[in-house]
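Report on the following structure.
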Amino acid sequence: MVTPMVPSSLAQFVVVLVCVVWAANFAAPFVVTGYQTDPQLNLVFMSIVGGALALTRKRNGGGDQE
C-alpha cells in the first residue's frame, strides 16, 4: 500500500488548525447560550488529527523504536 506523501509542514498546519477549531467547538457552549455540540463531531476531529499525525509518524521512521 502506497501512502500519499504530505509535506510535514502541511500535516502540522492541519493538526493545529483542526485543534483550534476543535477547542472552539468545545468552548462554544460556555459562551453561546443554547449551543449544543454534536458528539459525533469529535470523531471527525479525532480522525483528521490522527490521520495527519500517522502520516507524519510513518514518514519520520515511525514508532517508539530507538
With the 8 Å Cα cutoff and a minimum separation of six or more residues, region 8-55 has a relative contact order in percent of 57 percent
Once both label points are put 7 Å beyond Cα along the C-beta direction, the N25-M46 separation in nm becomes 1.2 nm
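Please report T37, T56 as a ranked list, fewest other C-beta atoms within 10 angstrom at the top and most at the bottom.
On the way: T37 11, T56 19.
Listing T37, T56 from fewest to most nearby Cβ atoms yields T37, T56.
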Send over the semi-axes of region 8-55's equivalent ellipsoid, whole angstrom and largest first, taken as the square roots of 5 times the C-alpha gyration tensor eigenvalues.
24, 12, 5
Along region 29-42, what does the Karplus equation 6.51 cos²θ - 1.76 cosθ + 1.60 (θ = phi - 60°) give for ³J(HN,Hα), rounded to whole Hz, x for Gly and Pro?
x, 7, 9, 9, 5, x, 6, 10, 8, 7, x, 6, 5, 4
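Read-outs: derived from the displayed coordinates by stated rules, not from any lab. All values derive from a computational prediction rather than experimental measurement. Please note: Cβ atoms are built from the backbone with ideal geometry, for glycine as well, and neighbour counts cover all protein chains shown.
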